[in-house]
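Colleague: Take a look at this one; I'll ask things after.
The values are calculated or read from the model by the stated rules, or taken from the named source; none is laboratory data. What you see is a predicted model, and the numbers here were worked out from it, not measured in a lab. Counting neighbours? That spans all protein chains shown, and the Cβs are built from the backbone with ideal geometry, glycine included. In case anyone asks, the SASA skips ligands and DNA or RNA and just uses the protein heavy atoms, side chains included. Shrake-Rupley method; radii C 1.70, N 1.55, O 1.52, S 1.80 Å.
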Amino acid sequence: MNASLAQAAVHQQEENQFFKQFPSLTTPSMRITAIREELLSTRYSICLERPTLLEKFKKSRQGRQAKSAHPLIRRAMAIAYILSHRTPKIYDNELIVGNMTSKRVAGNYYPEGGSINILEDLFRLGKRQIPIYLTPREKFQLAGIGIKTSLTSVGGKTLLRPGRFSHFLDFFRAKRYFITEEAGIAHQVGNYGDVVHNGLVRADMKAKQSLDERKIKDGTPLSPDQESFFKSVRIVIEGIRQMAANLADTAEKKAGQPGISDERRQELLTSAAACRHVPYHPARSFLEGLQSCWLVHVAMNLEDFEQGMSFGRLDQILYFLYSRERESGQLSPEKGAEIMASFQLKTCETMPLYSERIDQYFSGNAVAQGITVGGTDAEGNDVTNELSGLILDAFAQIRTREPALHVRVHKNTPSWFLEKAVETLQLGCGKPSFFGDAAVVRALETAGMTTEHARDYAVIGCVEMASQGRTYNSSDACLFNLPICLELSLNEGRRFLGWNPVRRRFGAVTPPVTQMKSFDDVVSAFRAQVNDSVSEMVKVISWLENTYRISRPTPINSIVTEGCLDKGKDVTWGGGFYDLTSIQVAGLADAGDSLYAIKKLVFEEKRMSLSALVDILKNNFSGQEALRQELVNKFPHYGNGNPEVDRMTQLAADVYSDAITSHKNTRGGKYVPGIYSMTCHIGFGRKTGALPNGRLAGMRLSNGLSPIDGLDRCGPTAVLRSAASLDSHKWTNCCALNMKFDKKIVAGKTGRNALTGIFRTYFDQGGMQVQANVLDAEMLREARRDPSAHPSLVVRVSGYCAYFNDLQPDVQDEIIERTAHGIG
Amino acid sequence: MESGDMGHSKDPAVFSIQHFCLHDGPGVRSIVFFKGCPLRCSWCQNPESWRTAPELAFKAHLCIDCKTCVNACPQQAISAPGHRDLQKCGQCFTCVENCPSGALVCFGKYYTVEDVAEALRPEFPYFENTGGGVTFSGGEPTLFPSFITGLSNRLHKEGIHTAMETCGYFDPETDTRFLSDMDLVLFDIKLFDEPAHLRFCGKSNTYIKKNLTRLAGMAFAGTGPDIWPRLPLIPSITDTTENLTGWAQFLDSIGIHYLTLVPYHNLGGSKRQWLNLPPAPEFSALTDERLGDAAKLLEQHGISCFAPGEEDWVQIDFKTASGNRKVT
Ligand code: SF4
Ligand code: SF4
């Protein structure tokens, strides 16, 4: 047998005995099907309970007391009030309980920021691309809340001040960057291992001890701030306990109702017992472990806001409980998968509130509650287990827009697992995404993490990074438009086009193109613009950080982030063991390819002067279609395995990374770059002028680490090769490489073998991240024409997945157009 | 690279090298498409593979009417975009080079063995991780026996699996060494009836049957590559009971009991338009039902049927077939 063929056969033979024995774990039980149907058929809404409770709190006795309290305590009291006063709801069939909002599927409204933009759509909520249903009374109420609270939101407090007004307006005309941190920080992978195994009691006792002994761990006497911090911790823990107790009461009440089957009664009583026990005490069973995670997750969602709140490495965290019950025969794999599916379905109860304007930047209705599976232990040994596979199988049962699934791949990842992950991908939901341990660990080390901590990474939300449970990463602080910096550098800091005839200077003052004598001059101007843009952005984020410390600290997040209880500091005060602020970029390939075009056209082939090229760009290539065609069709582009042009994308990435990493945040943490763009490449694209690579003004930019749509002409292996060839060690917040495969081509065993093999090769070559849609283009076109044709079609947009019907039309078009990889 | 040098060479012109192909042999493969084919099957979807020499094509839908080609042609052979005086044209392809939109393209470029091997090299790791390799296709690779021997040996040196897709039309008396240098031959069969073959494919099928018999013998004796037949299903032409039965019995008689059925889809004749060829005759697309019927009939004759890319390669005993082949 041929050597390579033999090797492939060996790969295929390595099967997992367990999954051979239980091949049916991907089939949903009737219970799971019923919950899923209910969720899918529920109309989206907005839950106004949280803001209503906040208002009530302010008027309550406690609220009045809180006014004069330390900001940390004031905030903790408000959060505890919300948690303990919200209506507990338990839905039919579910095994994991705890409602995310007061409605079946809804977005929580966060008056502190994050939700205010939805008011822009108030008068046409039902007619939006993603319709939201509210009663007229609720709309009225929403308007009232909006008016009352928008000035006191974090953004309002920070920016509605003398000298900052133009930065406030930037939220409505984002061009160079889009500061997402204004909405909240959220984005966390808490220490769920600690919550599950030790319970919140550990943190509670630690806080109590510090208060009793009046010193922090290292012996330093408590400052008033630290005292308030420890008090805030105890207050929110009490709030969480009350929320859990209320759920237990409801479960017991339900169990006592007539007409409930014995089986369901037993389940409700089990849930009640679980909620009386966790998350305060250590979980005693697999189900309690998940219940514990879920309750803390709900609390974290209600504390900050809903974006990117993630669970981390559940296959590691829960394996002990799972295997103990499996071995004792108390839990069958089928039941385990069912509990896991019920847990995952809970994540579908929530959605973000984005106005249609904001939706251009973050289309897809995703909050990205991430679960990470596979990978290694601190020593680098493979720790993929039965539960890793079971988590994927449970998702195969539900195939919904949430949760986000992330698979870690390293050289000893077992083949059965990688194949199972690819099989899950073949279902067509765009999940899981794949992460290369080697590259990710290296990038985390760059940011100062120890190797052991870096190896314990989990994905936040879409693709962002944390050493789980010990990192405070404002991982989606801001999205950055890189190509516009090139535009500015070619026009002395002004945009090519603009409504203002005088063309106000917008970026840094850089030399006119007539003075740029070499390609290096262009690069320096580009660098100057990037640095300027980044500094401006950092300035605004710093203001926000200061507001957060006072008006939006997050004690629950601080409990699940190592370091805070030792230092006696909230995460927003710099309590986390690792502290990061992460920036994402859009248009990397556009910037790289454009730099290449300038270099070749102007400086190497000397076909025209730089100012002649810039004039053409200012005129958006009008009358220069031949040149534009040549740039698009005859010039090489990133993503085709051509090292010469890929080097320019590297250059663009380095200029950006260097600018980011030169800053520190006000908590003492590092700024780190990530290479992904949600759907910002569309919003930013609209504001960006023509580019030297032939892209017309207003067109979307390239997304994440992906090549420009349609210009990856050598197939998927070349895309992977180009991506893997880039040096990613500075990209601490990871990257997103989007690929699309035609379902017809990568179906079945052949497709599985092919995808498994090319992903493995990509990671062997140092690849960091890849995510793919396996889709039938025809199906998508059908869904575009008739939204009712495929109501539950899930696609991967950027770092996250969404129902196709929830996407903005131009995002839908983009997904359809993205090169259907797979020639032949 | 001698690619621009038009006058020379027994080296073949290659009109495309495609990567990540999953349907032409095991694993992830790259296909090298050679230019030149002895047959002219009326349903052919790759008319650019017919002629041996590189040739110019015009994709009207991409043309932006910039007239660069008109001005660039040293022979003044182009009067207007898309209108080339074949008499005047010196096949220099300056127009192609200068056309900004990709409307003018040249199918075929001369390659050396080393050029092809280098173009394939970046794909080697994907082959390794998927049990894939390189497939020579066309056109008809057997038109270039010494080249493909060289290339196959070159690839074998690096441990790469090689396959060849052939229409089977070559002189059966020819030296068979170039065949033994392959790991796998995908052998395309079309019409069993000789006059019908002559009519639809332009040549008799006598050579084809002889070669298939001979290759099967070599495969089973362990002196040749593994062999796997493929049959394109053209409604009412190749999917008739008569044709299918004919081939089934023939395959059975030479000991082959597996076959890939390649369903015909009418993808539109735009390539012929680009090459200024008369449009292809219209065949109706193959329905799933007809495909099912054909498979059923063949299965009744003991032939297992497969879709392209879904073959069960274990059906062929790779060990005996390649046991005496040196693969380093
Ligand atoms: S191939 Fe050369 S001679 Fe022929 S039309 Fe093109 S430019 Fe003119
Ligand atoms: S150069 Fe190309 S695009 Fe321009 S007129 Fe000729 S064929 Fe058309």
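Colleague: Please tell me if A:Pro88 is modelled with pLDDT of 95 or more and not in a helix (DSSP H, G or I).
Modeller: When the stated conditions are applied, A:Pro88 passes them.
Colleague: Return a yes/no flag: does segment A:462-473 have any residue that is open to solvent by 10 Å² or more (accessible area, probe 1.4 Å) and outside any loop (DSSP other than H, G, I, E, B).
Modeller: Checked segment A:462-473: no residue is open to solvent by 10 Å² or more (accessible area, probe 1.4 Å) and outside any loop (DSSP other than H, G, I, E, B).
Colleague: Tell me, which residue of segment B:60-70 that is of a type in the set (A, V, I, L, M) and in contact with a Pro (Cβ under 9 Å, 6 or more places away or on another chain) is nearest to ligand 2 (Cβ to nearest atom)?
Modeller: B:Ile64
Colleague: Does segment B:71-120 hold any residues that are in a loop (DSSP other than H, G, I, E, B), within 16 Å of ligand 2 (Cβ to nearest atom) and under 22 Å from A:Asn640 (Cα atoms), and which are they?
Modeller: B:Cys99, B:Pro100, B:Ser101, B:Gly102, B:Ala103
Colleague: Which of the residues that make up segment A:574-607 are in a strand (DSSP E or B) and of a type outside the set (Phe, Trp, Tyr)?
Modeller: Across segment A:574-607, the qualifying residues are A:Asp579, A:Leu580, A:Thr581, A:Ser582, A:Ile583, A:Gln584, A:Val585, A:Ala586.
Colleague: Another question about this same structure. Regarding B:Glu55, is this residue within 16 Å of ligand 1 (Cβ to nearest atom), in contact with a Gly (Cβ under 8 Å, 6 or more places away or on another chain) and open to solvent by 10 Å² or more (accessible area, probe 1.4 Å)?
Modeller: yes
Colleague: Against the definition (surrounded by fewer than 24 Cβ atoms within 10 Å (Cβ to Cβ) and of a type in the set (S, T, N, Q)), how does A:Ser328 come out, yes or no?
Modeller: yes
Colleague: Let me ask something additional. Kindly indicate whether any position in segment B:168-190 is touching a Phe, Trp or Tyr at 6+ places or on another chain (Cβ under 6 Å) and within 12 Å of chain A (Cβ to nearest Cβ).
Modeller: There is no residue in segment B:168-190 that is touching a Phe, Trp or Tyr at 6+ places or on another chain (Cβ under 6 Å) and within 12 Å of chain A (Cβ to nearest Cβ).
Colleague: A further question follows. Exactly one condition in (1) modelled with pLDDT under 90; (2) assigned to a helix (DSSP H, G or I); (3) open to solvent by 30 Å² or more (accessible area, probe 1.4 Å) is not met by A:Leu5; state its number.
Modeller: Exception for A:Leu5: condition (3).
Colleague: Out of curiosity, is B:Gly292 within 14 Å of chain A (Cβ to nearest Cβ) and either crowded, with 17+ Cβ neighbours inside 10 Å or part of a helix (DSSP H, G or I) (or both)?
Modeller: So B:Gly292 fails the test.
Colleague: Kindly indicate which of B:Leu104, B:Leu86 is closer than 24 Å to A:Leu711 by Cα and either out of contact with any His (no Cβ under 6 Å at 6 or more places or on another chain) or modelled with pLDDT of 95 or more (or both).
Modeller: So the residue among B:Leu104, B:Leu86 that is closer than 24 Å to A:Leu711 by Cα and either out of contact with any His (no Cβ under 6 Å at 6 or more places or on another chain) or modelled with pLDDT of 95 or more (or both) is B:Leu104.
Colleague: As an exercise: evaluate B:Pro232 against (1) at pLDDT below 95; (2) open to solvent by 10 Å² or more (accessible area, probe 1.4 Å); (3) in a helix (DSSP H, G or I); (4) not aromatic (Phe, Trp, Tyr) and give the number of the one condition it does not meet.
Modeller: (3) is the only condition that B:Pro232 fails.
Colleague: Here's something else I'd like to know. Report the residue count in segment B:167-183 for those that are farther than 13 Å from B:Lys210 by Cβ, within 15 Å of the chain's Cα centre (by Cα) and surrounded by fewer than 24 Cβ atoms within 10 Å (Cβ to Cβ).
Modeller: So the count comes out to 0.
Colleague: Shifting gears a bit: Considering each of B:Ser30, B:Ser42 in turn, give the residue that is within 14 Å of another protein chain (Cβ to nearest Cβ), hydroxyl-bearing (Ser, Thr, Tyr) and away from ligand 1 (no atom under 11 Å from the Cβ).
Modeller: The conditions single out B:Ser30.
Colleague: Something else: Residues in segment B:12-24: is at least one within 16 Å of ligand 2 (Cβ to nearest atom) and within 26 Å of the chain's Cα centre (by Cα)?
Modeller: No: zero hits.
Colleague: May I pose another question? Being within 14 Å of chain B (Cβ to nearest Cβ), aliphatic (A, V, I, L, M), open to solvent by less than 30 Å² (accessible area, probe 1.4 Å) and in contact with a helix residue (DSSP H, G or I) (Cβ under 9 Å, 6 or more places away or on another chain) is the filter here; which residues of segment A:691-750 pass it?
Modeller: A:Leu711, A:Ala718, A:Leu720, A:Ala723, A:Ala724, A:Met739, A:Ile745, A:Val746
Colleague: Sticking with this structure for a sec: Could you say which residue among A:Gly107, A:Gly113, A:Gly144 is surrounded by 15 or more Cβ atoms within 10 Å (Cβ to Cβ) and more than 30 Å from A:Arg784 (Cβ to Cβ)?
Modeller: A:Gly113
Colleague: Next up: For segment B:70-85, does any single residue satisfy the condition of being more than 29 Å from B:Gly131 (Cβ to Cβ), buried (at least 19 other Cβ atoms within 10 Å of the Cβ), in contact with a Ser or Thr (Cβ under 8 Å, 6 or more places away or on another chain) and more than 14 Å from chain A (Cβ to nearest Cβ)?
Modeller: yes
Colleague: Give the residue that is nearest to ligand 1 (Cβ to nearest atom), with candidates limited to residues of segment B:62-117 that are at positive phi and more than 26 Å from the chain's Cα centre (by Cα).
Modeller: The selected residue is B:Gln76.
Results for (1) more than 16 Å from A:Glu303 (Cα to Cα); (2) part of a loop (DSSP other than H, G, I, E, B); (3) out of contact with any Leu (no Cβ under 9 Å at 6 or more places or on another chain), shown as yes or no for each residue.
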| residue | (1), (2), (3) |
| --- | --- |
| A:Ile35 | yes, no, no |
| A:Pro51 | no, no, no |
| A:Glu55 | no, no, yes |
| A:Ile96 | yes, yes, no |
| A:Lys103 | yes, yes, yes |
| A:Gly107 | no, no, no |
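Colleague: Another one. Identify all residues within segment B:142-160 that are free of Cβ contacts under 8 Å to residues at least 40 places away in the same chain, open to solvent by 40 Å² or more (accessible area, probe 1.4 Å) and under 28 Å from B:Lys271 (Cα atoms); write none if there are none.
Modeller: B:Pro145 - this is the single residue of segment B:142-160 that is free of Cβ contacts under 8 Å to residues at least 40 places away in the same chain, open to solvent by 40 Å² or more (accessible area, probe 1.4 Å) and under 28 Å from B:Lys271 (Cα atoms).
Colleague: Restricting the search to segment A:370-384, which residues are in a loop (DSSP other than H, G, I, E, B), out of contact with any Gly (no Cβ under 6 Å at 6 or more places or on another chain) and surrounded by 24 or more Cβ atoms within 10 Å (Cβ to Cβ)?
Modeller: Listed by number, the list holds a single entry, A:Gly375.
Colleague: Further question: If you check every pair at least six apart or on different chains, which have Cβ atoms under 7 Å apart with a residue in segment A:263-291 that is on the phi < 0 side of the Ramachandran plot and assigned to a loop (DSSP other than H, G, I, E, B) first and a residue that is open to solvent by less than 40 Å² (accessible area, probe 1.4 Å) and charged (D, E, K, R) second?
Modeller: Listed pairs, sorted by first residue: A:Val278/A:Glu288; A:Ser285/A:Glu325.
Colleague: Restricting to segment A:613-639, and then to whatever is open to solvent by less than 30 Å² (accessible area, probe 1.4 Å) and more than 16 Å from ligand 2 (Cβ to nearest atom), can you tell me which residue is farthest from the other protein chains (Cβ to nearest Cβ)?
Modeller: Among them, the one singled out is A:Val614.
Colleague: If you don't mind, another one. Among the residues of segment B:121-141 satisfying the criterion of being open to solvent by 10 Å² or more (accessible area, probe 1.4 Å) and part of a helix (DSSP H, G or I), which is farthest from the other protein chains (Cβ to nearest Cβ)?
Modeller: B:Arg121
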